[in-house]
Structure formats: structure tokens, C-alpha cells
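Reviewing the structure listed below.
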Amino acid sequence: MRDPRYDILFQPQKIGPLTAKNRFYQVPHCNGAGYRDPSAAAAMRGIKAEGGWGVIFTEQTEMHHSSEITPFIELRLWEDQDIPAIAKTAQAMKTHGGLAGIQLAYSGINGPNFYTKEVPMAVSPGPIRTFTNDPVQARGLDKTDIRNLRRWFVNAAKRSKTAGFDLICLYGAHGFGIFQHFLSRATNQRSDEYGGSLENRSRFAREVLADMRDAVGDTMALTLRVSLDEQIGRLGFSNAELREFIEMNGDLPDLWDLAQGTWEDCSGPSRFKDEAAQETLVKGIRELTSRPVVGVGRFTSPDVMARMVRQGTLDFIGCARPSIADPFLPQKIEQGRIDDIRECIGCNICITGDMTQSISRCTQNPTFMEEWRKGWHPEKMNPQGASQSVLIVGSGPAGLEAARALAVRGYDVALAEAEKVLGGRVAKERLLPGLSAWGRVADYRAYQIGKRANVQTYFDSHLTVDDILGFGFQNICIATGARWRADGVARLHVEPIQNAGLPVFTPDDLMTGRLPAGRVVVFDDDHYYMGGVLAELLAQRGAEVVLVTPSAYVSDWTLNTLEQAAIHRRLAAAGVKIVLNTGVTALTAAGVETACIYTGAAGEIGCDAVVMVASRVSDDQLYRDLLARQQEWADAGILSVKVIGDACAPGPIAWATYAGHRYARELDMPDLGDALPFRREVTGLQD
């Protein structure tokens, strides 16, 4: 069963008065549910308990109404009536012997209080620091405020205990928690006993932990999440100062939870951050304290995990995104099923649920956040329906996931791929700069269907309607993907851009090896990763690149995946000229004509070619041809025809895997009619 090399990961570990059954520690992570969808959040954490995690935490939980981060949707523990919702999560976390943790946060300088309309309070007065430059300032905490804040933490700790939690994490990392704000000279300019020296800046943490230990510490473990290094210059809380802080207060919490200084650095995508990227910052800290240490680093390899423990760097393996991609990661390691792990690809789509105040998704795990809403389980499928066979045309992420999930249900599946490799868009995008980890989307599914005798794969299969009508399959799934437009139609332009002879390339051209040379304009009206990745590719190949976008940011939507700033820095370092707030209005033989999107001021950029990163159009001709011959379906034995993924409507890869999974789940299931296809919770009215 388990490889002995990984035995060390399954050793029980003490955390204060508690014992974790193993070293797998799901650190706090958001999910887009929070106070709005508590049952969805509870079921998601419960699945992780089933998957074998020894410690499972909530997301950031606002512990007092005077500091909240609307519009972001996090858990709330403001008063006793909040207890039942989070108690449901605590109960779910403990169903399989795991420890249930809650992260308590007071946001201070990060809390604009748009919902409560309370005046924000921070360690020192100043403008609120959020993602959106809110025009609000916080007043500085006075001594009475600090005493109140200490009491509020104790109240929240007592409520956490009543709710059934085992551990409390005090949030002081990523720039978001009041404990980091006290520790960092960038946010603490106080001249009293809470400011100045590190001993003074540590005072608040010491006081709160002492208060909480008196209140609940006999039965609960208290952990402190602190920044490894703010990396913001001489005033920031540095790695050296962190080590001094821990050495000075080594036994302060029951466990030290170490995370990078900013969320962007801590949870950077695989394009910019390797696995165990924070190892250097963590190394040696374990020697400064008698308490256990947990750290993160998008750990996906059990060999890396075991090495981190054997070398004495970490006591617990902290995971957020890997626990989302595969909630059963610990169980699969324990059962010797390493190849069955759905490895996190580091795309950060999960984070966008929080950033867009929606509900989170995962590219690798389409059941994430659908455990309660739709009853989806990441390792179990509903039984096979009345029909027997399915033909899937296209092996991109949607087709591959549909084939995998249908095979688990028991259907006989034929997968027809027009190319010579599986993966569709993933097979091409994985070859672009920084995106190699994205190939795991195809690799995992190809491996899974390769183990199934009820899946047959056919390459070089350019199918026609006549082919499909003659095969005899009962269900036809069209997953033929999409292609990039060359005419510039997207958001800025709803009709083709006039072209007087300039060579035009699309992302599809570049991904198949057809690259322009010389001076190249990349016009990005897509605003996700593709424009920036292709500009980087061309710069690597020696082109002189100008990236033009109507947005105020390069790769605008990647603000939601925490990589926009890193993309801009990467392109600037590569010599790419960046032109913002500008649209391409026409193409001439000598270059592109431009206009400011605000004033209309015209300009010109001379170039040898343009790469249009605009919108995509579905490759749905085969589907439309099938619809046109619907009267022949019955004679051909066809019961259903459906188009999914990019062939239905182009979107990110996570949308495609979700579409494939949903198709597999819903085949042969009763038609819901006008009913909602998922459960939701509706706020109860008070008298």
C-alpha cells in the first residue's frame, strides 16, 4: 500500500493540547462562499476530512463588525447568531478524525467597512490598503481600542470553541491581518509601548495569545500565521526580523504558521513560482522554537513533502491549492496511488472565486464547491443510466474530462481526436513560456482513461456527419474546441478591423510554430494570460515587441489570479514596450493605427506584423451539421447530441473541465425543467 518513504508524513503530531493524526495540514483558504453559502463551504471542508487531511482550516473569518472587507465574501463571527453556520463547517471537518481550525482575522488597515459603515481602525492611521484603492482612511487605535480589540478576540475565541473548533489561527500574514500590521514598521508608526522596537511591536500578539490561552487554551490549540518576509524595503517585516521575533517568542503559539509576506508572493501561480518556492525563507526557523512549524509552497510531490520533514524544515505540510485540486491527496499517498493524484497546476483560478465575489472553481477538480450545491464527489460518480455508449469528438479538457467521468460511471466511450496527441488546447498551451504545469490537465485524464477498458481512443479522426450517423453510438458529445479570431473582433471592436495588407497572426499560429519576426505589435483585447505569454514568447525569439491593450493593465483579468504585476515586470524585463489605454483601429501596410480609448487621440505604430489576441469562435460546424440532420438520428440509434466546452462557448480551461464533468454527470439523468440545477441558501427573514 503506502511507500515506506512517505511513512514520515503519516506520523501523529502534537499541537498544544491536541494531536493531529498526520502531517497534512490544509491551511486557511478562501472559496467564494463565506457567509453567503455556508453549507457549500462546510461540505467542501468535509470532503477534505474524508480525503485524509489531519488539520483542516476555514478561510479568513471576520471576528468583529468593526473590521470587514466587503465586497469580498468571507466567513463572519460577529455575534452568537453566526455560530450555527460555522459550527456546521467544524462538524464536517471532524467527521474522519481531522482537527477543525478557524482563522480569526481583524483586517485593520485592510478593512474599508463598506457594509457596516463603521470607521475603520488600524495600528496607525492611514489610507485603507485593498486591491481597489478605496477612498477611505482608518483612524489609529488608541489604548481603549486596543483593550477592546483584545476582548473581541477573546469573545471570538469563545464562540469558536462553542462552534466546535479545535484550533484557532490568528491571521498575521499576506499583509491582511492586524498582527502583521503591528509587527511591520510599514504599518506601525506608533511611538508608545506598541511601536518602535520589535519587542514593543510584538506586544499585541503576546497579549492576545495570553488572553485567549486563559479563555480557551486548555482544550484548544492556538496558532499564529506570520509573514516570512514582506519584501517591501527597509520598513518591511523582513525574514531576519521574523527570525528574531520567533527566537524572542518561541513558545508563544502552539504552532507557527509561516507564509510569504504578500498573497501574490505566497500564492504565486506556477508560471512564476515553483513548488516549495518558500523553502529558503523557512529553512532554519524550526531550530528557533520548540513549537511545530507549518509552511506552504504549492506542494504536489510527496517526495518533496517528505524531504521537507526529514530535513527538519517543516513539521506539517501546509497546502491550500493542492488540497483543492485533490482533496484526497493524503489518502492517495497512503494507499500507494501517487499517479492518481490530481496535481495542482498553479493556475490560480480557485482564487478568482474570492476576487470576483462569486463561487470558486478549480481547473483540475471540477467538483470543487459543488459538493453540496450539486452533490458532486471528487472520487465518486453517479451510477450509469439507461443508455450504454457515448462518442466524444475532441480530446481537449472538456472531452477528456467527459471521457474519464463517463468511464467511471460505466459507459462504453469512444474518444475521437483529429490530431495525434490528446489535450486539445492544453497540448499546445503547455508549450508556452511558464505554462508547462498546465499539461497536468491532460496528463491526469489521459492516465485515468488509459486504465479503463471501456474507453477507446482514436487519433487522426476527422469525423463527418455521415461517419457519426453510421457508427451506432447512442450519445454524441461534440467537444471540438474553438479557434482564435484574426479579425480583431472582441470587446473594443464588434466588427472586423480594417486591414490594408499587414500580416496578421493569431495565438493558434504561434502555438503551431508560425511566428512573426521583426517588429511585432501584440494587440490584447482578451485581457487574460494569452497576450502577455505570447509577447514573452516573441521577445524570447528575438522579436521587437510592442504590446497594445485598451485596458489600464497588461493582462487585466490576471489581477484576479494574483499575477498581473508579475506579468508586467516579466514583460518589462524582456524589453517589451507596453502601451496601455489604447486600441488598434486599423491596419496599414506599414503598421497599426491606434486611438486612446478615452480621448480618441490618434497614433501610429510601425511594425512588420500584428498578433491579434482578441476573442475565439467555437468550432461547432460538426454540431450544427448534426442538428441539420436531426430527422436521421432515430434511424442511426442516436438518443442525444450535445455540444460542450469551448465548442459551446469559449472560456478558461476550468470552464471546459467543468463542462465535461457536468455532461458526464447529467447524461441519462431526469430533465430538471425550469428548476435550478444546484442548491442554494436563501437568507431567512427576521421579524
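Quick notes
- Tallying residues that are under 17 Å from residue 204 (Cβ atoms) and buried (at least 23 other Cβ atoms within 10 Å of the Cβ) within region 223-241 yields 6.
- Residue in region 498-516 that is among the charged types (D, E, K, R) and either farther than 27 Å from residue 422 by Cα or buried (at least 21 other Cβ atoms within 10 Å of the Cβ) (or both) present: no
- Looking at 166, 214, 251, just one residue is crowded, with 21+ Cβ neighbours inside 10 Å, more than 26 Å from residue 140 (Cα to Cα) and among the charged types (D, E, K, R), and that residue is 166.
- No other residue among 463, 415, 432, 422 is in contact (Cβ under 8 Å) with a residue 12 or more places away in the chain, buried (at least 18 other Cβ atoms within 10 Å of the Cβ) and outside any loop (DSSP other than H, G, I, E, B) apart from 415.
- Among the residues of region 568-615, the ones that are part of a strand (DSSP E or B), closer than 21 Å to residue 491 by Cβ and either free of Cβ contacts under 8 Å to residues at least 24 places away in the same chain or among the polar types (S, T, N, Q) (or both) come to 8 in all.
- The C-beta contact set for region 1-14 (first residue within 14 Å of residue 307 (Cβ to Cβ), second residue small (Gly, Ala, Ser), distance under 8 angstrom, 6+ apart or interchain) comprises 3/336; 5/306; 6/306; 8/306; 9/306.
- Test: residue in region 519-528 that is at pLDDT 95 or above, assigned to a helix (DSSP H, G or I) and surrounded by fewer than 19 Cβ atoms within 10 Å (Cβ to Cβ): no
- Strands (runs of 3 or more DSSP E) within region 16-116 that include 3 or more residues over 30 Å from residue 188 (Cα atoms): 18-20, 24-26
- Pair list, Cβ under 7 Å, 6 or more apart: region 494-505 residue hydrophobic (A, V, I, L, M, F, W, C), other residue part of a loop (DSSP other than H, G, I, E, B): 497/487; 497/488; 500/589; 502/589; 504/486; 505/514; 505/516
- Spans of helices (runs of 4 or more DSSP H) in region 126-227 with at least 3 residues over 18 Å from residue 59 (Cα atoms), touching a residue at least 24 places away in the same chain (Cβ under 8 Å) and assigned by TED's automatic domain parsing to the domain that holds residue 109: 143-163, 178-183, 203-216
- Among the numbered conditions (1) crowded, with 23+ Cβ neighbours inside 10 Å; (2) in contact with a Leu (Cβ under 8 Å, 6 or more places away or on another chain), the only one that residue 83 does not meet is (1).
- Selection of helices (runs of 4 or more DSSP H) fully inside region 284-396 by the criterion of at least 2 residues being farther than 30 Å from residue 248 by Cα and within 15 Å of the chain's Cα centre (by Cα) returns 321-325, 349-355.
- One residue from 345, 338, 392, 351 being of a type in the set (A, V, I, L, M) and touching a strand residue (DSSP E or B) at 6+ places or on another chain (Cβ under 6 Å): 392
- Residue among 324, 333, 338, 349 that is surrounded by fewer than 19 Cβ atoms within 10 Å (Cβ to Cβ), at pLDDT 95 or above, among the β-branched types (Val, Ile, Thr) and touching a helix residue (DSSP H, G or I) at 6+ places or on another chain (Cβ under 9 Å): 338
- Checking 52, 16, 97, 101 one by one, the residue that is surrounded by fewer than 23 Cβ atoms within 10 Å (Cβ to Cβ), touching a Leu at 6+ places or on another chain (Cβ under 7 Å) and not charged (D, E, K, R) is 16 and no other.
- Criterion applied to 441, 455, 465 was being closer than 27 Å to residue 532 by Cβ, at pLDDT 95 or above, among the β-branched types (Val, Ile, Thr) and in contact with a helix residue (DSSP H, G or I) (Cβ under 9 Å, 6 or more places away or on another chain), and the one residue passing it is 441.
The values are calculated or read from the model by the stated rules, or taken from the named source; none is laboratory data. Worth saying up front: this structure is predicted, and the values here are computed from it rather than measured. Quick reminder, even Gly has a Cβ in these numbers, built from the backbone with ideal geometry, and neighbours come from all protein chains shown.
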